[in-house]
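Presented below is the structure to which this report refers.
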Amino acid sequence: MGLRRAVVVDREPGLLARLTTELGRGGYLVEGLDSTQGLSSDLLLRVKPDLVVLDVELPGLGATELLRLVDALKVRTEASVVLTTGGTLEKRLWWRLAVDQVVERQRLREEGVRALGLATSSLVRVDVRAVLDEVLGQEPVCVGSRLLRVKLDLFSDSQLFEDREGRQGVFVALSPLPEVGQSMELELEVLNRPCFWVRGKVVWQRPRSALSGRPPGVGVSLEELSPEGEEAIERMLEQRAPLALDWPGEKA
C-alpha cells in the first residue's frame with residue numbers, strides 16, 4: 001500500500017508514543033504533537049492527513065478552536081477525524097462537530113489503535129518502494145497558484161515579524177515549507193477585521209524543531225499592500241509588537 005498520513009495530537013507522552021508506533025507499523029506516516037504549539041488548520045491542511053486523532057482536552061484548545069480545526073478538515077479534506085476524551089466533551093458538541101468517532105481515553109489506553117476501529121489484522125504494512133517513489137517524486141511545495149488564508153490575532157501561530165533591518169512581513173505557520181524565493185498570494189484576516197489580499201515572497205524558512213516546540217513556517221515579505229491592509233496591520237502593531245526574528249533557517 002502507498003503512503004498514508006496520520007496526525008496524532010495527545011498530551012500523554014506514553015499514549016502518543018503508543019499510537020504513533022502502532023499506526024506506523026500499520027502503514028501510516030505519523031506526525032505526532034503533544035501540545036497545541038504548531039497545531040493549526042493550515043498545518044493540518046498542508047499535511048493532507050488520511051486520519052486525525054485529536055485529544056480534545058489539550059490545554060489551550062477551546063471549543064472555538066476545536067470547531068475551526070474540524071470544520072477545516074471536513075470541508076477541505078477527506079480525513080477521518082477521531083476525538084479522544086476523558087468524558088468532559090458534551091454530547092451536543094459531538095454532533096455539531098460531525099466527527100467520525102469519539103473515543104474514551106481509558107479505552108484508548110487499554111486497546112491502542114483497536115479503539116479507533118483499526119484492528120491490527122486490518123492494518124497493512126507500508127510498501128517501502130511505493131513510499132520512496134512518492135516522496136522522491138514529489139514536486140517542491142507550491143502554494144503560489146492559489147490564495148492561502150492566514151489569520152493574525154494575539155494568539156495565532158502566524159504573526160507579523162520584523163527583521164534586523166526593520167522590514168516587516170508575515171510569518172505564516174504551515175508545513176511542508178514552500179521554497180525560499182517562491183511568490184505567494186495571501187488572504188489576511190487581521191484581528192477579525194475584513195480580509196484583504198496581498199502578494200509576497202518567501203524570504204526565510206523555520207523548519208520544525210523538536211527542541212524549541214515552535215511551529216514551522218515561512219517568513220513572507222509583503223508587496224503591494226493596500227491602504228486597508230496597512231490600516232489593519234497598523235492596528236495590530238498597536239496591540240502587539242512584531243516578532244523580532246533574525247532570519248532563522250534558510251534565507252534568500
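Here is a check on your reading of the model: is Thr36 closer than 22 Å to Arg105 by Cα, open to solvent by 30 Å² or more (accessible area, probe 1.4 Å), at pLDDT 85 or above and polar (S, T, N, Q)? I'd like the intermediate steps shown before the answer.
Values: closer than 22 Å to Arg105 by Cα: yes; open to solvent by 30 Å² or more (accessible area, probe 1.4 Å): yes; at pLDDT 85 or above: no; polar (S, T, N, Q): yes.
In short, no.
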Residues located in the stretch 148-192, provided they are within 17 Å of Leu225 (Cα to Cα) and β-branched (Val, Ile, Thr): Val150, Val170, Val172, Val190
Return the total of residues in the stretch 65-98 being at pLDDT below 75 and open to solvent by less than 30 Å² (accessible area, probe 1.4 Å). 2
Pick from Arg214, Arg199: which is assigned to a loop (DSSP other than H, G, I, E, B) and either in contact (Cβ under 8 Å) with a residue 12 or more places away in the chain or of a type in the set (Asp, Glu) (or both)? Arg214
Condition first: at negative phi, at pLDDT 80 or above and assigned to a loop (DSSP other than H, G, I, E, B). Can you find one or more residues in the stretch 13-31 that meet it? yes
Scanning the stretch 161-178 for residues that are outside any loop (DSSP other than H, G, I, E, B) and open to solvent by less than 10 Å² (accessible area, probe 1.4 Å), which turns out farthest from Ile233 (Cα to Cα)? Ala173
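Would the stretch 2-21 turn up any residue that is under 16 Å from the mean Cα position of the chain (by Cα), surrounded by fewer than 18 Cβ atoms within 10 Å (Cβ to Cβ) and under 24 Å from Val218 (Cβ atoms)?
Just the residues of the stretch 2-21 that are under 16 Å from the mean Cα position of the chain (by Cα), to begin with: 5-10.
Keeping just the survivors that are surrounded by fewer than 18 Cβ atoms within 10 Å (Cβ to Cβ) gives 5.
If we keep only those that are under 24 Å from Val218 (Cβ atoms) as well, we get 5.
Yes, there is a match, as at least one residue in the stretch 2-21 is under 16 Å from the mean Cα position of the chain (by Cα), surrounded by fewer than 18 Cβ atoms within 10 Å (Cβ to Cβ) and under 24 Å from Val218 (Cβ atoms).
Could you check, for the stretch 208-223, whether at least one of its residues is in contact with a helix residue (DSSP H, G or I) (Cβ under 9 Å, 6 or more places away or on another chain) and open to solvent by 20 Å² or more (accessible area, probe 1.4 Å)? Reasoning before the result, please.
Of all residues in the stretch 208-223, those in contact with a helix residue (DSSP H, G or I) (Cβ under 9 Å, 6 or more places away or on another chain) come to 215-217, 222.
Remaining after also requiring open to solvent by 20 Å² or more (accessible area, probe 1.4 Å): 222.
Yes, the stretch 208-223 has at least one match.
In this structure, is Arg149 open to solvent by 60 Å² or more (accessible area, probe 1.4 Å) and either in a strand (DSSP E or B) or β-branched (Val, Ile, Thr) (or both)?
So Arg149 passes the test.
Go through the stretch 39-53 residue by residue and tally those that are over 12 Å from the mean Cα position of the chain (by Cα) and buried (at least 18 other Cβ atoms within 10 Å of the Cβ).
First, pick out the residues of the stretch 39-53 that are over 12 Å from the mean Cα position of the chain (by Cα): 50-51, 53.
Now drop any that are not buried (at least 18 other Cβ atoms within 10 Å of the Cβ), which leaves 51, 53.
Selection size over the stretch 39-53: 2.
The values are calculated or read from the model by the stated rules, or taken from the named source; none is laboratory data. All of these numbers come straight from a predicted model, not from anything done at the bench. Using ideal geometry, Cβ is built from the backbone for each residue, glycine included, and neighbour counts are taken over all protein chains shown. Accessible surface areas use protein heavy atoms only, side chains included; no ligands, DNA or RNA. Shrake-Rupley method; radii C 1.70, N 1.55, O 1.52, S 1.80 Å.
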